[in-house]
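So the structure is just underneath, and the comments pick up after that.
Coordinate-derived values only; no laboratory data. From a predicted model like this one, the values you see are computed outputs, not experimental measurements. FYI the Cβ positions are ideal-geometry reconstructions off the backbone, even for glycines, and counts take in every protein chain you see.
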Amino acid sequence: MPSNNIISNLFVTLFNTEARRKNECIVLPSSKLAMEILKTLQNHKYIGEFEHIDDKKGGKFKIQLLAKITKCGAITPRFKVKKDDYAKWEHEYLPSYSRGMLLVTTNHGVMSHHEATTKGLGGLLIGYVY
């Protein structure tokens with residue numbers, strides 16, 4: 001029985017497949033938020049190309065892996081973060097200041113906490129990757 005938490009499922013699948021040194025994985029089901037997360041991971045070079053496959057059962061993503069992810073995960077519950085509070089969460093979820101990123105959903109879409117800080121945006125924490 002697949003997990004109901006699509007985002008958590010996405011991160012777990014990425015992490016497990018990376019750990020097995022595979023070069024691609026299939027994640028299902030899909031969602032718009034999952035699509036935004038994948039775009040952000042791709043922009044930051046954590047994953048390669050990905051495609052959405054509409055299988056009429058919730059859809060799935062086929063994702064190329066670049067062996068760049070050491071650890072990743074969903075953050076639940078989704079904590080609210082003010083624009084100047086990211087340091088506290090970095091300390092909690094990331095191994096060091098310069099490594100990795102928190103994924104934040106803002107009213108300007110999903111982005112890394114670095115982008116959110118630059119744009120002066122707060123939002124909800126949805127995951128981390130390094």
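For GLY127, which sequence-distant residues (separation of 5 or more, or a different chain) have an amide H within less than 5 Å of its own amide H, given hydrogens modelled in the peptide plane?
ILE75, LEU103
Picking from HIS52, HIS44, HIS91, which is most flexible by a Gaussian network model of the chain using Cα springs under 10 Å?
So, out of HIS52, HIS44, HIS91, the one fluctuating most is HIS91.
Using a Förster distance of 22 Å, how high is the FRET efficiency between SER98 and LYS71, based on the Cβ-Cβ distance and rounded to 0.05?
0.90
Between HIS91 and GLU24, what is 0.36 nm times their sequence separation minus the Cα-Cα distance? Round to one decimal in nm.
This chain segment gains 21.1 nm when fully extended.
Whole-Hz Karplus ³J(HN,Hα) for the stretch 14-24, in order, using 6.51 cos²θ - 1.76 cosθ + 1.60 and θ = phi - 60°, x for Gly and Pro?
With coefficients 6.51, -1.76 and 1.60, one gets 4, 4, 5, 5, 4, 4, 8, 6, 7, 9, 7 Hz.
Can you give me the long-range amide H partners of LEU65? Hydrogens built in the peptide plane at 1.01 Å from N, cutoff under 5 Å, separation of 5 or more residues or another chain.
Result for LEU65 returns GLU24, CYS25, GLY48.
Long-range amide H contacts for THR70: which residues qualify at under 5 Å (H placed 1.01 Å from N, peptide plane, sequence gap of 5 or more or a different chain)?
TYR130
Sticking with the crude label model, points 7 Å out along Cα→Cβ, report the distance from GLN64 to HIS52 in nm, one decimal please.
With each label point 7 Å from Cα toward Cβ, the separation is 2.0 nm.
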